[in-house]
Amino acid sequence: MRKSVLLTLLVPAIIAIVANLPSGKAAKHFHSKEELALFKQFGLNAAKNQQGAHPSVLLPIDSNILFPTAKTCGGCHGKDPNQLALITTSGVDVNIYDDWRSTMMANSAKDPFWRAKVRHEILINPSHSEALQDKCTSCHAPTGNYQSKLHDHKPYYGLADLYADTLGLDGVTCQACHAQAPDKIGQLHSGEIDFDTNYIRVAYGPYKQVFAPPMHDFVGITPTFGGHITDGGVCASCHTLITNTVDLNGQLTGNTFVEQATYHEWLNSRYDRDQENITCQACHMPRLQDEIIISANYQFLTPKFPFGLHELAGANVTMLQLLKNNINTLEINALPEHFDSTIAATLRMLQEKTLDLSLEPLDLNGDTVRFKLTLQNKAGHKFPSGYPSRRAWIEFEVKTESGQTVFHSGRANADFSLPDEDPNLEPHHLVINNPAQVQIYEMVPVDVTGAFTNVLERADRTIKDNRLTPQGFKPTHPAYDTTEIVGHAKTDPDFNRFANGAHGSGSDIVYFSVPNHGYTGNLTVSAKVWYQSLPPKWMASIFEYSAPEIDAFKQMFDAADKSPVLVAAQTLENISVNAVSTQTLMHESRVKVYPSLTSDGLIWIEPAPQIRLKSIEIWDMKGNRVTNSGRQSPMKLPETKGIYFVLIETDRGRVVKKVVRQ
């Protein structure tokens, strides 16, 4: 091996060893006076270190006793003025601080919707004010909340504490993740975070070779290896939230409600640590294989790889745009260009890594034309996931050659509400044969009376959850009790099922039956999936109240671009249809279906010799297809008693048989 290579490998290690040896000489200084002056701008009291003060004296003032703010970390992990550190091999700046500070995590405590929602909950149940605020800030301002408990011994940490606390206002800051101890990773939820209180001024990282003296001496934090920092369990404490239910009088019922369970959804997928081990960080902090120096001002540091981008892209484009437009009002420590970068990463996440769409024609002749739309979830959790206001819907439109609309499901109003949505509950659909039906993927919470509620403390149960499941999702998984499919989707034979009926496909198939009205010619058919994080119906009841946080958010929201995000789309052009059916009906004796009257729902299909079955479908009396298309026998009728039609396609034509489930 060449000497230069050996020196490159050995010098950092030698420096690290020497730096930690006891010595009676003056402490080695790693920075020039000019650099130290620059650090002071970031809140580092480095001058005291020059005088030989103990590192504990270096802790920044204000509330930064146990946890530093991110700006403290930005001195070394922010933009390198020398363009040497945190730069990819192609010259792209990927510094941690700038990527982080325009994310939803960085601004979780300044999020005006969150503040308005907390105030809304307080106004509904004022007697629970302290507990509500303390629970909400445990995730949206975790280091401020925990410092008030661990250092100041306060029983609660509320909005008033937050507004006066620099650390709390830092949201999900660096140490909210990097100070988590490894022992209980993945075991906690609802804002319970196991910080390393034995040595809380530690920063766990993914690299085994660590050069600790500069961070330890100047910031009072000791970086150390912690393999758990890349485990999805780091996200569990806040991305699984279970709340206690109250009735309309504010009295606890003893019931609990799963507000979100994104971490448990990941556990119930093929991506969890026991299978493919594609963690939350793998998608939301994609890793670069470039060798990158991870700290400015230390050119001798050994470059690290892989490097996790701290872009932390989620799915809330609407709020990111709102934050960008109100930087000064919300006192956000990020520039518009930082938000542009985060918004672009979020759009990439939604439009490239979330959903695959497949639209195909089925029957194109006769008085009804039919299409099949398959949605395949690519996320490692449900889509949508997280806060229950989030939803996605299908817009399906059919036009003639002249541009005349003959069918339009999922149209939106000017304010992006859905006029055809059932105000109480839009059910999950297997077949859509009426423009007034719209497929909405969502979670719908209700209170103790069974009425829709957006008051999370009143949420008693879920009456609909047809959000697309991740691949590998099983109802037999231990985490299913927090991630359950609820409503009509539970019995939909195409929802999260493979062709053989097994669970875990992570997909849904929706059939569209479009009346032809005697039209012969070409059609253009389009399917679009829209995503919406702040739907109008979720906002309406909040804006019925007035409080500083609610009024401020309403003003920002009214001025915001509330456009939903187009996640996926597909268009079929020049689809030739004919008003005259070309299907050939065989004599029904050529295929035997029995029994015609069944109590257990099982029916057998037997074709005559030389006849090959192509597909079998079962339709109900309302014209809805209710089973998978397949060729297996026996087939199972739905549990609901009544009359059903068995549509059998063969290589010789079609047969329709009527059966009854009693």
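Where a number appears in this text, it was derived from the coordinates with a stated rule and is not lab data. All of these numbers come straight from a predicted model, not from anything done at the bench. No Cβ is skipped: glycine too gets one built from the backbone with ideal geometry, and neighbour counts run over all protein chains shown.
How big, on average over all directions, is the shadow cast by the Cα convex hull of segment 232-367, in nm²? Could you put the intermediate results ahead of the total?
Values: hull surface 70.3 nm².
Directional mean of the projected Cα hull area for segment 232-367 stands at 17.6 nm².
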ask   = Rounded to the nearest 0.05, what FRET efficiency is calculated for Glu291 and Val486 with R0 set to 51 Å and r the Cβ-Cβ distance?
value = 0.60
ask   = If the cut-off is 17 Å between C-alpha atoms, which aspartates and glutamates fall inside it for Lys324, apart from same-chain ones fewer than 8 positions away?
value = Asp98, Asp99, Asp111, Asp170, Glu311, Glu337, Asp340, Asp558, Asp561
key: FRET efficiency estimate (nearest 0.05) - Cβ-Cβ, Lys537 to Ser615, R0 45 angstrom   = 0.70
note = Hydrophobic long helices for the chain, i.e. whole DSSP H runs reaching 15 angstrom or more by Cα along the axis with Kyte-Doolittle mean at least 1.0, come out as 3-20
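What does the convex hull of the Cα atoms of segment 180-279 come to per residue, in Å³, rounded to a whole number? Let's see the in-between values first.
Working: hull volume 13.0 nm³, N = 100.
Spread over its residues, the Cα hull of segment 180-279 gives 130 Å³ apiece.
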inquiry  = Taking every alpha carbon pair in segment 331-387, what does the distance histogram look like in 10 angstrom bins from 0, in percent?
reply    = 18, 28, 24, 17, 8, 4, 0
query = Once you have the alpha carbon radius of gyration of the chain, what is it after dividing by 2.2 N^0.38 Å, with N set to its residue count?
reply = 1.13
For q = 0.13, 0.16, 0.22 Å⁻¹, Debye-computed log10 I/I(0) when each Cα of segment 77-181 counts as one equal scatterer = -0.55, -0.73, -1.10
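Mind pulling the per residue volume of the convex hull built on the Cα atoms of segment 354-577? Å³ is fine. Don't jump to the answer; show the numbers that get you there.
Details: hull volume 30.8 nm³, N = 224.
Cα convex hull per residue, to the nearest whole number: 138 Å³.
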message = What distance in nm lies between label points placed 7 Å from Cα along the C-beta direction at Phe305 and Gln209?
response = 1.3 nm
request  = Starting from the Cα of Val660, step 7 Å along the direction of its Cβ; do the same at Trp604; then give the gap between the two resulting points in nm.
outcome  = 2.2 nm
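How much space per residue, in cubic angstrom, does the convex hull of the C-alpha atoms of segment 299-444 take up?
Convex hull volume per residue, Cα atoms: 207 Å³.
Could you tell me what fraction of 2.2 N^0.38 Å the Cα radius of gyration of segment 588-661 comes to, as a two-decimal ratio? Present the calculation step by step, with values, prior to reporting the outcome.
Working: Rg = 11.4 Å, N = 74, 2.2 N^0.38 = 11.3 Å.
Computed over Cα atoms of segment 588-661, the ratio equals 1.01.
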ask   = What is the Cα centroid distance between segment 558-579 and segment 440-489, reported in whole angstrom?
value = 27 Å
task = Could you calculate the contour length gain from Asp415 to Lys353, that is, 0.36 nm times the residue separation minus the distance between their Cα atoms, to one decimal place in nm?
result = 19.6 nm
note = Out of Ser358, Pro423, Tyr387 - ranked by how far each Cα lies towards the positive end of the dipole of segment 343-426, with unit charges on the beta-carbon of charged residues - the top one is Tyr387
query = Label-point separation (nm) for Asp183 and Ser546, each offset 7 Å from Cα along Cα-to-Cβ?
reply = 5.2 nm
message = If I stretch the segment between Glu639 and Leu364 completely, what's the gain in nm (0.36 nm per residue apart, minus their alpha carbon distance), one decimal?
response = 95.9 nm
ask   = Rg and Dmax of segment 460-515, using alpha carbons, in Å: what are they?
value = 12.2, 44
request  = Could you sort out which of Lys353/Lys528; Lys149/Lys554; Lys636/Lys658 sit more than 24 Å apart by Cα distance in this structure?
outcome  = Lys149/Lys554
message = Given 20 °C and 1.002 mPa s, compute D for segment 153-238 with the Stokes-Einstein relation, Rh being the Kirkwood radius over Cα pairs; round to the nearest whole µm²/s.
response = 152 µm²/s
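Counting only C-alpha contacts under 8 Å and six or more residues apart, can you give the relative contact order of segment 588-661 as a whole percent? Please report the intermediate quantities before stating the final value.
Values: 153 pairs, mean separation 25.7, N = 74.
About 35 percent, as a whole number.
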